[in-house]
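J.: There's a structure below that I have some questions on.
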Amino acid sequence: MKKCRILSVLLCAAMLVTGLAACGKSDGDKAQKDGGGDGKIKLTFMGWQPELQMMNDKMLPVVKEKYPDIEIQVEILEWFDYWDKLTIDSAAGDAADIVAMDVDHIATFEDYYMGLDDLAKDVLGDGWEDQYNDGILDDLRGVSSDGTLKMMPSDVTGLWYIFYNKTICDKLGVEPPNGEYEDLARFAAEIKEKDSSILPVAFAAKEDVNLGYFYLWLATNNQQGIVQDAVEGKASFTDDAFVKAFDQLQRMYDDGILAEENFGLDAYPGCDEALKNGNCAAYLTGEWYLGNYLMGTSLKGTPTENDEMGVVTMRNVQGAETCMQKYTSFGYAISNECEHKEEAMKILEEWTQGEAANEWMNYMACVPAAKSVSIDVGNMKSEEAKKTYQKALDDLNQNPSVLRSTLNIELDNKIGEAVVSVMRSGLDVDEALKQIQDTADAVR
Amino acid sequence: MRKNKWNSYLYILPAVAFVSVFLIYPILFNLISSFTKWKGLNFSAAEFVGLQNYAALWKDTVFRNDLKNCIFFMVLTLFFQMSIGLLLTVLLNMKLAGHRFLETVYFFPVVLSSVVIGYTFSHIFEPNFGALNTFLQSAGLSNLKRMWIGDPKYAIYAILIANIYQWAGMGIIYYRAGLAGISKDIYDAAKIDGAGFWQSFFKITIPLLKNIHVIILLMGTIGCLKFFDLAYIMTSGGPANSTEFPLLYLYRKFMRESNSGLASAVAIIIIILATLMSAGILKITGNGKEEGEL
């Protein structure tokens, strides 16, 4: 009896110790990162784009050849899941050594990722900044509160682009859009008339934030600089440019460009699959799909695999000069917890400037941040793609530009929410703008 | 005697430690952080602001709308889950042919993952290429097609249907246990007095299952207050916040906007509401006791 009692007590104590010990971090991970017995340095990388899976095929072999002592473990998640996991991992001090980053999220995560200027100088040498196109690094420094570079830029992207399926257009006898508003309205009407089962222009209006970004683009093109001024308090979100932007959205709805069906579509998989399956004739979205559609990297095995795709920049609906939304959409950051920072910086150099960067850029057809990286237009899938790609890139590089977002996620969410409420729930425009202004005042 | 007392404490120590670490401490931490302006992930940067977060929630029309959505959803969920659950249980209790198979069919959704149910119903209610609209189109009923989860008017009903599908079977388990406690003699006596099926149902079955109704009401109320998964998967709270619930709001504030202080305040409000509603239900129903029961 006494033995049973002692055994019970010991079991209870063991349960307690085991339960609490299980909460801690494993030292096994650390041992693994140090390479264990094979002497290799193991780095972990986490990113969001499905295309990053190609890392395993194209980018990692390049890195392996250049740095045989470094091994990289890759984890890829969907966009929203990625930021959720990054939040948890960063707070727990368990983030990957290298993470994918974009300019909109630098402010949220800056405390967890190191400033790269000093490390870059130590590892890459004094002239490292000259390897990147002018202004990109300074723009990124301006986004972090301490003025340091928190992410090494890989590529620059922009909005808004209309990817169109020329094969569908030819089949229906409809001239592809040229980007001008009136022509886009003509295009939408003709597609609807010729084949009502095909959505003329897909747009991810189901995503509040996406609609919010488009709304800000309309406002910017009504008065350049108005969004930044409103964010800083030098102008107001109730100003005329913002009121007019709602009228323009309504006009797009009435003209069938922003169709009812779009409010049930998200970007991925909704609109992406609609274009790939031939359910829509065009897709109004960002430049980051250039590789997917013009290089055809994501069309393989789909009904549109052999279709001709083209792209055109969406023009200012007022007909004046078009201001683009342009930002460093993708780059890499190094975690404060990373134990092999020099090696991580070497990887960042290779992924943003080196041969691995060339592989990535030619797959994605994005605008490279580094001077040494170039896109081989010969890789474009069709004549239409080759014909239209360069103009799209030139517009992004030559047109005036602003950032896509306000750089405050709370304000961006509020804008998206208000815009959707106006379009779908009948919220009064003045009330919507007042709510946006109140949020802007609260977060300033 | 004293030795036994110490042994007793040792036996309960693991459970107490577990509850303290994983329940009491997080609630206390949450309560403290709800009085801070805490942006980001680093608590050392938090600043005490008193009731500012609660005031902000009071003024926030979106949060008030979320509470309205929650109450509306709760009332409909409880009504349909309880009525469907009870009716199905009574029918199954009649032991008609195939009742065992039907029991499995009705209970199956309860054990399915919410993710599976959410994605399935998303595809059913997807406005452009979803199964429901495709069916209506091919059946010549295209005038009945709607934007479903893309329309603020209908999205909440789509989620409601998914939720009822998932949890109606749970009511069967509870009502089954309750029905087993009602003596057949009462039904026999009622039959002799000329009572039909519906009379027995409303005058005998429903009143004598009062305890079970209270349990389901309590669990359903708390479940709706912390409702998240189906709404997140099917609509992410849209369109235009028509399907946003308090916990989705909390998730958005914490995960997307890094407003941890405000998110903590939402959590505390949910705890308070759950406590008040549970107490209210117990008070109104007399703690589930029958008349004259001690």
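The values are calculated or read from the model by the stated rules, or taken from the named source; none is laboratory data. Treat the numbers as computed from the prediction; the structure is a model and nothing was measured. Cβ placement follows ideal geometry from the backbone for every residue including glycine, while neighbour counts extend to all protein chains displayed. Calculation scope for accessible area: heavy atoms of the full protein, side chains included, ligands and nucleic acids excluded. Shrake-Rupley method; radii C 1.70, N 1.55, O 1.52, S 1.80 Å.
J.: Would you list the helices (runs of 4 or more DSSP H) that sit entirely within the range A:1-109 and hold 1 or more residues that are at pLDDT 85 or above and over 26 Å from A:Thr297 (Cβ atoms)?
T.: Because the criterion is at least 1 residues that are at pLDDT 85 or above and over 26 Å from A:Thr297 (Cβ atoms), the helices (runs of 4 or more DSSP H) in the range A:1-109 that meet it are A:79-92, A:106-109.
J.: Continuing with this model, one more query. Are any residues in the range A:111-133 open to solvent by 30 Å² or more (accessible area, probe 1.4 Å) and within 14 Å of chain B (Cβ to nearest Cβ), and if so, which ones?
T.: Within the range A:111-133, A:Asp111, A:Tyr112 qualify.
J.: For the range B:242-254, state whether one or more residues are away from every other protein chain (no Cβ under 14 Å) and among the small types (Gly, Ala, Ser).
T.: No: zero hits.
J.: Something else about it: In the range B:122-163, how many are in contact with a Lys or Arg (Cβ under 6 Å, 6 or more places away or on another chain) and either of a type in the set (D, E, K, R) or closer than 29 Å to B:Cys224 by Cβ (or both)?
T.: 3
J.: Which residues, counting only those in the range A:198-231, are open to solvent by 20 Å² or more (accessible area, probe 1.4 Å) and without any contact (Cβ under 8 Å) to a residue 60 or more places away in the chain?
T.: Listed by number, the residues that qualify are A:Gln223, A:Asp229.
One line per residue, one yes/no per condition, for (1) in contact (Cβ under 8 Å) with a residue 60 or more places away in the chain; (2) closer than 26 Å to A:Val63 by Cβ:
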residue: A:Ala370; (1), (2): yes, yes
residue: A:Val373; (1), (2): no, yes
residue: A:Asn379; (1), (2): yes, yes
residue: A:Ala392; (1), (2): yes, no
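J.: Can you list the helices (runs of 4 or more DSSP H) lying wholly within the range B:130-218 that have 1 or more residues being more than 30 Å from B:Thr243 (Cβ to Cβ), among the aromatic types (Phe, Trp, Tyr) and in contact with a strand residue (DSSP E or B) (Cβ under 7 Å, 6 or more places away or on another chain)?
T.: It comes to none.
J.: Out of B:Gly286, B:Gly280, B:Gly220, B:Gly238, I need the residue that is at pLDDT below 90 and either more than 14 Å from chain A (Cβ to nearest Cβ) or open to solvent by 40 Å² or more (accessible area, probe 1.4 Å) (or both). Which one?
T.: Of B:Gly286, B:Gly280, B:Gly220, B:Gly238, the one residue that is at pLDDT below 90 and either more than 14 Å from chain A (Cβ to nearest Cβ) or open to solvent by 40 Å² or more (accessible area, probe 1.4 Å) (or both) is B:Gly286.
J.: Which condition from (1) within 27 Å of A:Pro400 (Cβ to Cβ); (2) out of contact with any Gly (no Cβ under 9 Å at 6 or more places or on another chain) is the one that A:Leu275 breaks?
T.: Unmet for A:Leu275, out of (1) within 27 Å of A:Pro400 (Cβ to Cβ); (2) out of contact with any Gly (no Cβ under 9 Å at 6 or more places or on another chain): (1).
J.: Further question on the same structure: Assuming A:Lys386 fulfils every condition listed in (1) farther than 24 Å from A:Tyr327 by Cβ; (2) open to solvent by less than 40 Å² (accessible area, probe 1.4 Å); (3) away from every other protein chain (no Cβ under 14 Å) apart from one, which condition is it?
T.: (2)
J.: Take the residues in the range A:146-190 that are within 26 Å of A:Trp351 (Cα to Cα), among the small types (Gly, Ala, Ser) and touching a residue at least 24 places away in the same chain (Cβ under 8 Å), then tell me which one is surrounded by the fewest Cβ atoms within 10 Å (Cβ to Cβ).
T.: Step by step, filter the range A:146-190, then rank; the result is A:Gly158.
J.: Outside any loop (DSSP other than H, G, I, E, B), modelled with pLDDT of 95 or more and within 19 Å of the chain's Cα centre (by Cα): which single residue out of A:Tyr283, A:Tyr289, A:Tyr268 fits that description?
T.: A:Tyr283
J.: Identify all residues within the range A:250-260 that are surrounded by 22 or more Cβ atoms within 10 Å (Cβ to Cβ) and either not assigned by TED's automatic domain parsing to the domain that holds A:Thr297 or not in a loop (DSSP other than H, G, I, E, B) (or both); write none if there are none.
T.: A:Met252
J.: Moving on. Looking for something open to solvent by 30 Å² or more (accessible area, probe 1.4 Å), part of a loop (DSSP other than H, G, I, E, B) and at positive phi - is there at least one such residue anywhere in the range A:296-303?
T.: yes
J.: With respect to A:Ser401, determine if the residue is among the hydroxyl-bearing types (Ser, Thr, Tyr), surrounded by fewer than 22 Cβ atoms within 10 Å (Cβ to Cβ) and within 25 Å of A:Asp240 (Cβ to Cβ).
T.: So A:Ser401 passes the test.
J.: Working carefully through the options A:Tyr332, A:Tyr363, find the one that is in a strand (DSSP E or B), assigned by TED's automatic domain parsing to the domain that holds A:Pro68 and either among the aromatic types (Phe, Trp, Tyr) or on the phi > 0 side of the Ramachandran plot (or both).
T.: Among A:Tyr332, A:Tyr363, only A:Tyr332 is in a strand (DSSP E or B), assigned by TED's automatic domain parsing to the domain that holds A:Pro68 and either among the aromatic types (Phe, Trp, Tyr) or on the phi > 0 side of the Ramachandran plot (or both).
J.: Looking at the range A:276-285, which of its residues are in contact with a Ser or Thr (Cβ under 7 Å, 6 or more places away or on another chain) and surrounded by 21 or more Cβ atoms within 10 Å (Cβ to Cβ)?
T.: The one that is in contact with a Ser or Thr (Cβ under 7 Å, 6 or more places away or on another chain) and surrounded by 21 or more Cβ atoms within 10 Å (Cβ to Cβ): A:Lys276.
J.: While we're here: Inspect all residues belonging to the range A:232-242 and state whether any of them is of a type in the set (Val, Ile, Thr) and open to solvent by less than 40 Å² (accessible area, probe 1.4 Å).
T.: No; the residues of the range A:232-242 include none that is of a type in the set (Val, Ile, Thr) and open to solvent by less than 40 Å² (accessible area, probe 1.4 Å).
J.: Which members of the range A:419-442 meet the condition of being free of Cβ contacts under 8 Å to residues at least 24 places away in the same chain and buried (at least 21 other Cβ atoms within 10 Å of the Cβ)?
T.: The answer is A:Ser421, and nothing else.
J.: State whether one or more residues within the range A:341-352 are touching a Cys at 6+ places or on another chain (Cβ under 9 Å) and touching a residue at least 12 places away in the same chain (Cβ under 8 Å).
T.: Looking for residues that are touching a Cys at 6+ places or on another chain (Cβ under 9 Å) and touching a residue at least 12 places away in the same chain (Cβ under 8 Å), one finds at least one in the range A:341-352, hence yes.
J.: Also: Within the range B:1-35, how many residues turn out to be within 10 Å of chain A (Cβ to nearest Cβ) and touching a helix residue (DSSP H, G or I) at 6+ places or on another chain (Cβ under 8 Å)?
T.: Counting residues in the range B:1-35 that are within 10 Å of chain A (Cβ to nearest Cβ) and touching a helix residue (DSSP H, G or I) at 6+ places or on another chain (Cβ under 8 Å) gives 8.
J.: Among the candidates A:Asp394, A:Asp438, A:Asp376, single out the residue that is out of contact with any Gly (no Cβ under 6 Å at 6 or more places or on another chain) and either within 14 Å of another protein chain (Cβ to nearest Cβ) or of a type in the set (Val, Ile, Thr) (or both).
T.: A:Asp438
J.: Return the only residue of A:Gly212, A:Gly264, A:Gly278, A:Gly256 being among the small types (Gly, Ala, Ser) and more than 14 Å from chain B (Cβ to nearest Cβ).
T.: Matching residue, one of A:Gly212, A:Gly264, A:Gly278, A:Gly256: A:Gly256.
J.: Sticking with this structure for a sec: Here's a check for you: in the range B:36-48, which residue that is out of contact with any helix residue (DSSP H, G or I) (no Cβ under 7 Å at 6 or more places or on another chain) and more than 13 Å from chain A (Cβ to nearest Cβ) is farthest from B:Ile271 (Cα to Cα)?
T.: Here the answer is B:Glu47.
J.: Has the range A:315-326 got any residue that is in contact with a Phe, Trp or Tyr (Cβ under 6 Å, 6 or more places away or on another chain), part of a strand (DSSP E or B) and farther than 26 Å from A:Asp122 by Cα?
T.: yes
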